[in-house]
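The values are calculated or read from the model by the stated rules, or taken from the named source; none is laboratory data. Since this is a predicted model, take the numbers as computed values, not measurements. Note that each Cβ is placed from the backbone with ideal geometry, even for glycine, and that neighbours are counted across all protein chains shown.
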Amino acid sequence: MVYGRQGCATHHEHVAFLSQIEPKNVNDALNDSNLIVAMQDELNQFTRIDVWFLVPKTNDMNIIGTKWVFGNKMDEDGNIVRNKARLVAKGYNQEEGINFDETYAPVARLEAVRLLLAYACMCNFKLHKMDVKSAFLNGFLNEEVYVSQPPRFEDHLYPNHVFKLKKALYGLKQAPRQWYERLSNFLLSKGYVRGAVDKTLFIRKHENDVILVQVYVDDIIFGSDNNTLCEEFVATM
């Protein structure tokens with residue numbers, strides 16, 4: 001990427017508000033104001049989509065710990081464009097039959113993605129990519145799951161309370177299953193048909209046109225010979 005004088009200034013102004021390090025633990029992160037902002041943004045996201053609520057802690061609860069994971073998102077030139085702070089559950093502490101029942105979720109094989117690319121080339125239509133932010137947080141839980149409050153972000157009024165989850169956290173064993181289940185049910189309700197062989201491929205026909213939707217964890221690749229169908233899909237999502 002080549003920056004003009006104005007582009008360079010804008011780029012450096014943006015970099016000034018980003019951390020250039022990846023901290024190893026929460027204590028290091030709390031010494032960096034940019035990372036504190038990223039952590040608070042993550043918790044604000046939890047509030048916005050109603051992930052959990054505080055409840056008193058009892059002795060019979062199997063409480064799963066939480067931890068912060070940090071990373072920097074870079075562009076194609078290696079420049080840091082966003083600091084990421086993700087709160088994840090310590091899923092390795094989950095007990096089968098108590099915290100989860102099933103963990104299986106279908107994942108698209110790379111061969112299936114390549115077939116979709118080949119088909120798009122053959123039919124001469126454009127493919128689009130959609131990245132679902134915090135995708136796993138959209139999956140509803142069937143089980144009762146309790147997690148500890150985020151390290152160093154405990155509620156000052158209720159420091160000994162724990163969170164009861166309404167939706168899945170990253171790190172939970174059932175999180176991929178719950179995300180896929182909600183997304184697939186949504187697409188099926190909109191007239192899409194699930195692939196007979198590849199369960200992560202969804203197809204919808206409209207008169208003589210067709211739109212293909214390939215799900216790859218929290219990425220969605222879609223395309224159609226009719227761009228209106230793509231626009232409708234984006235608006236629907």
For region 170-199, which positions are at pLDDT below 90 and either under 15 Å from residue 46 (Cβ atoms) or assigned to a loop (DSSP other than H, G, I, E, B) (or both)? 170, 171, 172, 173, 174, 175, 195, 196, 197, 198, 199
Using beta carbons and a limit of 8 Å, which pairs, at least six apart or on different chains, have the first residue in region 25-44 and within 20 Å of residue 155 (Cβ to Cβ) and the second one of a type in the set (Val, Ile, Thr) and at pLDDT 85 or above? 29/36; 30/36
Total residues in region 131-174, condition surrounded by 18 or more Cβ atoms within 10 Å (Cβ to Cβ) and without any contact (Cβ under 8 Å) to a residue 60 or more places away in the chain: 3
Quick check, is residue 202 in contact with a Leu (Cβ under 7 Å, 6 or more places away or on another chain), modelled with pLDDT of 90 or more and of a type in the set (Phe, Trp, Tyr)? yes
How many residues, within region 178-211, are closer than 14 Å to residue 127 by Cα and out of contact with any strand residue (DSSP E or B) (no Cβ under 6 Å at 6 or more places or on another chain)? 1
Can you confirm whether region 38-57 contains a residue that is among the charged types (D, E, K, R) and in a strand (DSSP E or B)? no
Filter result for the condition that a residue is free of Cβ contacts under 8 Å to residues at least 24 places away in the same chain and farther than 21 Å from residue 90 by Cβ, over 236, 200, 228: 228
Those residues of region 137-169 that are of a type in the set (A, V, I, L, M, F, W, C), outside any loop (DSSP other than H, G, I, E, B) and over 21 Å from residue 185 (Cβ atoms) come to a total of 3
In this structure, is residue 223 in a strand (DSSP E or B), in contact with a strand residue (DSSP E or B) (Cβ under 7 Å, 6 or more places away or on another chain), at pLDDT below 95 and surrounded by 21 or more Cβ atoms within 10 Å (Cβ to Cβ)? yes
For residues that are under 11 Å from residue 68 (Cβ atoms) and loosely packed, with under 13 Cβ neighbours inside 10 Å, scanning just region 1-53, find the one that is modelled with the highest pLDDT. 27
Filter region 202-232 down to the residues that are at negative phi and within 19 Å of the chain's Cα centre (by Cα) and list them by number. 213, 214, 215, 216, 218, 219, 220, 221, 222
Inside region 175-197, can you point out the residues that are among the polar types (S, T, N, Q), buried (at least 17 other Cβ atoms within 10 Å of the Cβ) and free of Cβ contacts under 8 Å to residues at least 40 places away in the same chain? 184
If you take the residues in region 58-101 that are assigned to a loop (DSSP other than H, G, I, E, B) and charged (D, E, K, R), which one is modelled with the lowest pLDDT? 101
May I ask you to say which residue of 132, 147 is touching a strand residue (DSSP E or B) at 6+ places or on another chain (Cβ under 7 Å), modelled with pLDDT under 90 and either of a type in the set (Phe, Trp, Tyr) or within 26 Å of residue 88 (Cα to Cα) (or both)? 132
Please work out which residue is modelled with the highest pLDDT, limiting yourself to region 103-128 and to residues that are exposed (fewer than 13 other Cβ atoms within 10 Å of the Cβ) and outside any helix (DSSP H, G or I). 126
